[in-house]
Number of protein chains: 2
Amino acid sequence: MPRDLTRDFHDLLERGRDRQLRLAVTGLSRAGKTAFLTSLVDQLRHAGLEARLDLLPAAREGRLLGARRVEQQDLGVPRFPFDRALAALDDSPPRWPEPTRGISELRLSIRYRPRRPGWVGGDTRRLTLDLFDYPGEWLLDLPLLEHDFASWCRAQRFDGERAMLFADWQREVADLEPAQEVEESRLAEIAERYAEGLRAAREAGFSDLQPGRFLLPGELAGAPVLQFFPLPGLDAADPADLERLPPESLYATLARRFRHYQQYIVKPFYREHFRRFDRQIVLVDVLGALNAGPERFEDLSRALSRLMQSFDYGRRSLLSRLFAPRIDRLAIAATKADHVTPEQHARLTGLLEALLAEPLKDLRFADVPVRALSLASIRATEPREVDHRGKRQPALRGTTLEGEEALLFPGEVPERLPDADFWGRQGFAFTAFRPLPRDGGALPHIRLDAALDWLIGDKLT
Amino acid sequence: MPRDLTRDFHDLLERGRDRQLRLAVTGLSRAGKTAFLTSLVDQLRHAGLEARLDLLPAAREGRLLGARRVEQQDLGVPRFPFDRALAALDDSPPRWPEPTRGISELRLSIRYRPRRPGWVGGDTRRLTLDLFDYPGEWLLDLPLLEHDFASWCRAQRFDGERAMLFADWQREVADLEPAQEVEESRLAEIAERYAEGLRAAREAGFSDLQPGRFLLPGELAGAPVLQFFPLPGLDAADPADLERLPPESLYATLARRFRHYQQYIVKPFYREHFRRFDRQIVLVDVLGALNAGPERFEDLSRALSRLMQSFDYGRRSLLSRLFAPRIDRLAIAATKADHVTPEQHARLTGLLEALLAEPLKDLRFADVPVRALSLASIRATEPREVDHRGKRQPALRGTTLEGEEALLFPGEVPERLPDADFWGRQGFAFTAFRPLPRDGGALPHIRLDAALDWLIGDKLT
């Protein structure tokens, strides 16, 4: 495609001179992607003036002169709705911005003074920063590329609480035979029951859901490619027998749709977007999962291991073989750190690392530079101290989503993966707060500057 | 693309044996595309039993055995929601189906007995009929391919009642200079005012609206490619001067988006879908426009001339040069014929032919077989006769959308293009009716069988 060639060539030139960087922000839904991107853009726009970015050397040293939005390169990708997000935060009372759906993009042109002015280009330089925001759910589909339809069916599990959420679908699918012929409209109905199960599971706080695009169909709503589902009871079947079934059979029809999903839904995202990102940050709502109990927490852990496979650039990994990505730096952040008291922040980072222990090992082995941290993109609480039985105790002050002033101690974050004892004590009670009213300057945050330093700091020296 | 090659090859084989036909249904919004397709599928499914298809020889001669839905070929195109449409018609009270958005598809496998059984394949045969439904608004964008941005700007007119509908946008755009630099977010705002003008104009009954995709953005909502607008006041500008403006200038930015729209929005529809249709029917709501007054009627006429350019296969036409389409038969139908008394039907067809006189001449010159007719896809009224001043007079009986029983004479349809005299007399008062309750059999219709005969009859002999 001529467009891609030109674009790739231009990108190459710009990046060769260290003047362009493509940074992607992802996370499962409700992890805080929109808040993160909104705050990031806001901080850079206020850099040099009101923004507090002490952990970003270029800002601390007064060399960061500011940033402005310029036209993005991919005219066919929705622009990240920064103004709409800011308007929500400036509303009275302030509201959290609407979550984005699908991929969006925003380009900043950053002006800075290098540490040592070069002999060309005067004493200020520009960095073009392309920001992308996309649903982490799309990454959950990568492992699907390693399956054929039969092995994918066998890998799906509907036990525990999920059994109930998928009960309607399971009733309908129970009597189906791989060899039978099922009418188009009937297939669409059963597939809709399956999609309803996925939606119900997401509503109930589950994260490990496949296929991801069933949750955000967009213009593909009603297309056969989003109308398949796993066939239960294939364990005993001979793969060769299944392959021999006629094209009108249920098995062959679903397998055809599964392959189409792999080819025309999963792969294009990696090919057209993912492999072109230079750096990424993955946001994780650890506190939300902690609040939701052991089954959801376990599920988040599984979903994250799966999601992190997209960053495993080991030479033999599926990803490297298929798409040759080139990310040279990765950040993983536990968001909403302002929802626990400050002395818990180190524990929050520790818990995130424990949660991602296995994938982090793989990444280090594959020599992908990665950093874990905890942050609050937009701080919604003030730390306080209260007297409790004669002792000073840390607390948070904020306004709940329902508009009530609250002063509370949400509890201790476990430093390691929580055990039965922790869940038994129910040691954690997370309250959601609305954003603080903004007083003109940049949005208040916690350690967003640390994330910025890791993600773009080396390009501003 | 390997997919397209395989598909094309398979199509070619099937079509070579006269066993596959790709039939597209289009029309501007509210022309009745959903009702037409729903009824067409319903008639063919009931063929041989309850359906009344006397004008289709295969049905009249008892050779049409029936049709069933089978899996469509393009798994990534939404399936036409036939069941949902039928459920709306079977509701009590019956409702018109929800209109479709974008393109949709449905495949029927039709069984019939040929007039003379061949020496292979027994005495029944199959015809695979692929049905497509897409917005006629997309065709209004074809002429946009003949323009560059400057000439497109000069071709846009905002006079008469449109001046008012686009007033907000015109206020914002009036002081802009082609050479100035305009901030991204400001551009998005002005583009949104323009899109609001288009939406308001459509609501007010106008049809000739460009660019068509601004009205149904889908997943492109918020993308820069849908954020351009015509720049007024370019008449005096020297084209060479405009071309020399820097890439950040307003003119260059809008022109870039305009070109992207041509390349990545308009052309792909023609390349991937349009050029693969064998036959098409264009539905026109002549009565609705007649009801809306002279300015809307004039506008519909302009929109139709523009839309019909997509069917002008003359050797020098833009379409032939770009896409080499292969439609071998075209129908143009005035819909909702049941909303006038039966003796007016011939006049309705006459008026449609008058409205399309110029494009029809071009099509005949280009040797494209075309037929004009009037029909009601789903009949909503019963013809009656009433006594009026001692004379028998034709009338219609039906239930209005508000649920009132009505017996009325909507007026005479002018046989030729209406003149000032007609509009002065206000000779026509169209009432919208709700569908008749269905009593089990096929949907009642008027001359849908005639349309079927023209569009697929020759494949059933």
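Report, ordered by chain and residue number, the lysines lying within cross-link reach of residue A:33, taken as a straight Cα distance under 22 Å and ignoring same-chain residues fewer than 8 apart.
Counting by Cα, and skipping residues close in sequence, residue A:33 has these lysines nearby: A:336.
Helix A:2-16 versus the longest principal axis of chain A: what is the Cα-based angle in degrees, 0 to 90, to the nearest 10?
The angle comes out at about 40 degrees.
Taking the highest mean first, how do the peptides A:287-297, B:128-138 order by number of other beta carbon atoms within 10 angstrom per residue?
B:128-138, A:287-297
How far, in nm to one decimal, is residue A:188 from itself in the other copies if the label point is set 7 angstrom along Cα toward Cβ? Shortest first, please.
3.5
Among the DSSP beta bridges whose two residues both lie in the protein assembly as shown, what percent are antiparallel, rounded to the nearest 5?
In the protein assembly as shown, DSSP labels about 55 percent of beta bridges as antiparallel.
How long are the semi-axes of the equivalent ellipsoid of the protein assembly as shown, defined as square roots of 5 times the Cα gyration tensor eigenvalues? Whole Å, largest first.
54, 36, 28
Tally the DSSP beta bridges in chain A and give the antiparallel ones as a percent, rounded to 5.
55
If you take the beta carbon distance between residue B:366 and residue A:151 as r and set R0 to 60 Å, what does 1/(1 + (r/R0)^6) give as a FRET efficiency, to the nearest 0.05?
The calculated FRET efficiency here is 0.65.
Mind checking B:177-185 for the average number of partner chain beta-carbons within 10 Å of each residue's beta-carbon?
Mean partner-chain Cβ count within 10 Å for B:177-185: 2.
For residue B:429, place a label point 7 Å out from Cα along the Cα→Cβ vector, do the same in each other copy, and report the separations in nm, one decimal, smallest first.
6.8
Across region B:107-207, what fraction of all alpha-carbon pairs, as a whole percent, falls in each successive 10 Å bin from zero upward?
That works out to 11, 27, 23, 9, 10, 11, 7, 1, in percent per bin.
Pull up the DSSP beta bridges for region A:281-401 and report the antiparallel fraction as a percent, rounded to 5.
If I count the DSSP bridges inside region A:281-401, around 45 percent turn out antiparallel.
What is the percent carbon and sulfur in the accessible area of the protein assembly as shown, measuring with a 1.4 Å probe over the protein chains and ignoring ligands?
That share works out to 49 percent.
Give me the number: length gained by fully extending residue B:175 to residue B:55, i.e. 0.36 nm times residue separation minus the C-alpha to C-alpha distance, one decimal in nm.
The span from residue B:175 to residue B:55 would gain 37.2 nm if fully extended.
To the nearest 100 Å², how much accessible surface do chains A and B hide from each other in total, with a 1.4 Å probe?
Separately minus together, A and B give about 2700 Å² buried.
Keeping all protein chains in the complex and leaving out DNA, RNA and ligands, what accessible area do you get for residue B:225 with a 1.4 Å probe, in Å² to the nearest 10?
Only protein atoms counted, so the area is about 0 Å².
At a threshold of 8 angstrom on Cα-Cα distance, excluding pairs fewer than six apart, so keeping six or more, what relative contact order does chain B reach in percent?
Result for chain B is 19 percent.
What is the mean number of Cβ atoms from other protein chains located within 10 Å of the Cβ atom of each residue in peptide A:67-74, rounded to a whole number?
3
Quick one: which bits of region A:217-263 get at least 10 Å² less accessible when the partner protein chains are in, versus the chain alone, with a 1.4 Å probe?
When all protein chains are present, A:218, A:219, A:220, A:221, A:222, A:223, A:224, A:225, A:227, A:256, A:257, A:260 each give up 10 Å² or more of accessible surface.
Could you order peptides A:405-414, A:441-450 by the average number of other Cβ atoms within 10 Å of their residues, highest first?
Sorting A:405-414, A:441-450 by mean packing, highest first, produces A:441-450, A:405-414.
Order these peptides, B:59-67, A:384-392, by their mean beta-carbon neighbour count within 10 angstrom, highest first.
Peptide ranking by packing, descending: B:59-67, A:384-392.
Copy-to-copy spacing for residue A:322, label 7 Å out on the Cα-to-C-beta vector, in nm, shortest first?
Inter-copy label distances (nm, one decimal, shortest first): 3.4.
Given region B:143-270, what whole percent of its Cα pairs are spread farther than 20 Å?
Tail of the P(r) past 20 Å holds 42 percent of the pairs.
Output the Kirkwood hydrodynamic radius of region B:293-415, Cα pairs only, in Å rounded to one decimal.
After inverting the pairwise mean of 1/r, the radius is 16.8 Å.
Give me the 1.4 Å probe accessible area per residue for chain A, excluding ligands and nucleic acids, in Å².
With all protein chains present, chain A gives 45 Å² per residue.
Quick check: the distance between the Cα centres of region A:362-389 and region A:209-235, to the nearest angstrom?
35
With angles folded into 0 to 90 degrees, how steeply does helix B:294-308 sit against the dominant principal axis of chain B? Use alpha carbons for both and round to 10.
90
Helix B:250-261 versus the longest principal axis of chain B: what angle, 0 to 90°, nearest 10, using Cα atoms?
Roughly 20 degrees between the two axes.
The values are calculated or read from the model by the stated rules, or taken from the named source; none is laboratory data. Note that the structure is a prediction, hence the values are computed from the model and not measured. Here the Cβ is made from the backbone with ideal geometry for all residues, glycine too, and neighbour counts use every protein chain on show. Calculation scope for accessible area: heavy atoms of the full protein, side chains included, ligands and nucleic acids excluded. Shrake-Rupley method; radii C 1.70, N 1.55, O 1.52, S 1.80 Å.
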